[in-house]
Amino acid sequence: MWWILGIVAAFAFFVIGREGRTTATGGGATAGLVIGIVLALIYGNWWLVGRAVIVGILIGLAFEMLALVPRLWTR
């Protein structure tokens, strides 16, 4: 399951990140990386870093899509 989520997250990260501006997916990836490293240091499970980054990117993707809602309603 994490492989599929990782592929979706990587695709979203690179497609949305091509715009050349700071995006929520990049911020989510950064927050996930920091949180994942802290959790990995506490629990000793380094797979948590990758999982936290994936979850952070997907949360950032959700916020990117949420930002598109007002644009869709005004048409």
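The values are calculated or read from the model by the stated rules, or taken from the named source; none is laboratory data. Owing to the predicted nature of the structure, the values given are computational and were not obtained by experimental measurement. Backbone-built Cβ (ideal geometry, glycine too); neighbour counts: all protein chains shown. Heads up: the accessible areas ignore ligands, DNA and RNA and are worked out on the full protein's heavy atoms, side chains in. Shrake-Rupley method; radii C 1.70, N 1.55, O 1.52, S 1.80 Å.
Solvent-accessible area of Ile4, probe 1.4 Å, all protein chains present, reported in Å² to the nearest ten, please.
Near enough 120 Å² of accessible area.
For the stretch 1-58, run through the chymotrypsin sites (Phe, Trp or Tyr not before Pro) and keep only the ones in DSSP coil with at most 13 other Cβ atoms within 10 Å of their Cβ. Mind dumping the intermediate values first?
Numbers: sites: Trp2, Trp3, Phe11, Phe13, Phe14, Tyr43, Trp46, Trp47; in loops: Trp46.
Here the chymotrypsin sites (Phe, Trp or Tyr not before Pro) that fit, given the DSSP loop and packing criteria, are Trp46.
Would you kindly compute the Cα radius of gyration of the stretch 7-75 and its largest Cα-Cα separation (Dmax), both in Å?
Values for the stretch 7-75 (Cα only, Rg and Dmax): 13.8, 50 Å.
What's the angle, to the nearest 10 degrees (0 to 90), between helix 24-43's Cα axis and the longest principal axis of the chain?
Long axis of 24-43 versus the principal axis of the chain: about 10 degrees.
Taking the chain as the reference, fit the longest principal axis to its C-alpha atoms, fit the long axis of helix 2-17 to the helix C-alpha atoms, and give the angle between the two in degrees, 0 to 90, nearest 10.
50
Using 7 Å Cα-to-Cβ label points, what is the Trp73/Met1 separation (nm, one decimal)?
Placing both labels 7 Å along Cα→Cβ, they lie 3.3 nm apart.
State the extension gain, in nm to one decimal, for the chain segment bounded by Thr30 and Trp47, taking 0.36 nm per residue of separation less the distance between their alpha-carbons.
On the way: separation 17, 0.36 × 17 = 6.12 nm, distance 1.60 nm.
Stretched out fully, the Thr30 to Trp47 stretch lengthens by 4.5 nm.
Arrange the peptides 24-32, 65-73 so that the one whose residues have, on average, the most other Cβ atoms within 10 Å appears first.
Ranking, from highest mean packing down: 24-32, 65-73.
With angles folded into 0 to 90 degrees, how steeply does helix 47-73 sit against the dominant principal axis of the chain? Use alpha carbons for both and round to 10.
10
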